[in-house]
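Chemist: My structure is below; once you've seen it, I'll send some questions.
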Amino acid sequence: MNTLPLLLAQDDGSVDPGSTVSRWVGIGREFLQNEGPQYLINIVGALLVFVIGRWVAMILVRVLRRILDRTKADPMLSKFVGNVAYFLLLAVVIMAALELVGVDTTSLVAVMAAAGFAIGMALQGSLSNFAAGLMLIVFKPFREGDFIEAAGTSGVVEEIHIFNTIMRTGDNVQKIVPNGSITSGNITNFTAKPTRRIDLVIGCGYGDDLRQVKSYLENLLQQDERILADPAPVVAVNELGESSVNFVVRPWVKKEDYWDVRWKLTEQIKVDFDERGFSFPFPSRDVYVHQEAEAAG
């Protein structure tokens with residue numbers, strides 16, 4: 001039985017410092033004699049539970065990561081799941097250790113839950129980004145190294161974090177985009193597929209021979225080895241415009257050749273049109289000025 005409250009009740013209210021110190025020393029000695037061994041055993045047991053439990057948690061997390069690696073899970077997903085599992089197991093170990101010491105973990109859990117709710121309400125935006133980051137890691141609409149357009153930003157994905165995604169633009173500017181902004185809108189992944197189609201609109205004059213222009217464009221596409229034969233490129237008259245006959249030129253290339261081939265074709269078509277005498281019509285206006293003769297007086 002804990003004798004500390006009984007001993008305190010015997011205090012007669014004396015203000016003698018020596019007597020008070022002596023009484024407290026006696027109380028402490030008696031408390032240690034009666035309760036000390038049990039408290040010491042509980043503390044040692046709690047330390048053992050914490051050390052052994054932490055060691056077991058690390059082993060379990062290591063096994064979990066190996067299982068995820070064998071299933072060829074995304075490395076970032078494996079790391080994230082491992083970290084979450086470790087902290088959850090560590091929380092269980094700490095609760096068990098506190099129980100041995102005599103701490104009422106029921107009330108502690110209630111306090112932690114209330115604090116977690118308050119923090120969650122204050123960090124709604126961060127939690128939204130966290131959930132969005134989890135979705136990006138699990139569903140993988142893009143990977144590191146992909147060129148995407150999302151949340152009004154386009155660039156190469158460098159890193160996918162839990163709360164944000166780091167992108168690099170074409171002019172080597174780093175942009176940090178919240179994951180919530182990415183998942184709340186459209187995501188365009190330009191490098192998800194191995195091939196891409198180049199869409200060009202080439203206009204020639206109404207006075208040019210359409211068969212010659214079409215034959216030239218088809219031969220031009222056949223000369224570039226980077227243009228794929230399957231799917232076959234398309235050259236066709238698409239529109240009879242106000243001042244030009246417009247062809248669509250649509251070759252297929254590997255995604256890494258897209259911009260080089262597009263720029264090369266655009267330049268070569270202009271040079272060859274000039275050499276062959278094909279015209280590039282452009283809008284023009286004729287302005288007529290009428291001068292009225294002054295009325296004879």
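Chemist: Mind ranking 127-134, 222-229 by how tightly packed they are, going by the mean number of other C-beta atoms within 10 angstrom, highest first?
Modeler: Ranking, from highest mean packing down: 127-134, 222-229.
Chemist: How long is the gain from ALA131 to LEU64 if the chain were fully straight, where each residue apart is worth 0.36 nm and the alpha carbon distance is subtracted?
Modeler: 22.0 nm
Chemist: Under the Karplus relation 6.51 cos²θ - 1.76 cosθ + 1.60, θ = phi - 60°, what is the ordered set of whole-Hz ³J(HN,Hα) values for the range 262-267, x standing for Gly and Pro?
Modeler: Listing the rounded values in order: 4, 5, 5, 4, 4, 5 Hz.
Chemist: Also, I was wondering about something else. If every alpha-carbon in the range 195-276 counts as one equal scatterer, what log10 I(q)/I(0) does Debye give at q = 0.13, 0.19, 0.26 1/Å?
Modeler: These q points yield log10 I(q)/I(0) values of -0.38, -0.80, -1.36.
Chemist: I'd like the FRET efficiency for HIS161 and PHE282, computed as 1/(1 + (r/R0)^6) with the beta carbon distance as r and R0 of 51 Å, rounded to 0.05.
Modeler: Numbers: r = 49 Å, r/R0 = 0.96.
Taking R0 as 51 Å, the efficiency between HIS161 and PHE282 is 0.55.
Chemist: How far apart, in nm, are the 7 Å Cα→Cβ label points at ASN219 and VAL248?
Modeler: 2.5
Chemist: For ASN164, what residues show an amide H to amide H distance below 5 Å, using hydrogens built from the backbone and excluding near sequence neighbours?
Modeler: ASN179
Chemist: Could you state, as a whole-number percent, how many of the C-alpha pairs of the range 141-189 are farther apart than 15 Å?
Modeler: Of the Cα pairs, 30 percent sit more than 15 Å apart.
Chemist: Oh, and also: Set the Förster radius R0 to 25 Å, insert the Cβ-Cβ distance between TYR206 and SER154 as r into 1/(1 + (r/R0)^6), and round the FRET efficiency to 0.05.
Modeler: Efficiency at R0 = 25 Å is approximately 0.10.
Chemist: Okay, next question. Residue separation times 0.36 nm, minus the C-alpha to C-alpha distance between ASP274 and ASN172: what's the value?
Modeler: 33.1 nm
None of the figures in this text is laboratory data; all of them are computed from the coordinates on show. Predicted, not measured: the structure shown is a model, and the values here were computed from it. Counting neighbours? That spans all protein chains shown, and the Cβs are built from the backbone with ideal geometry, glycine included.
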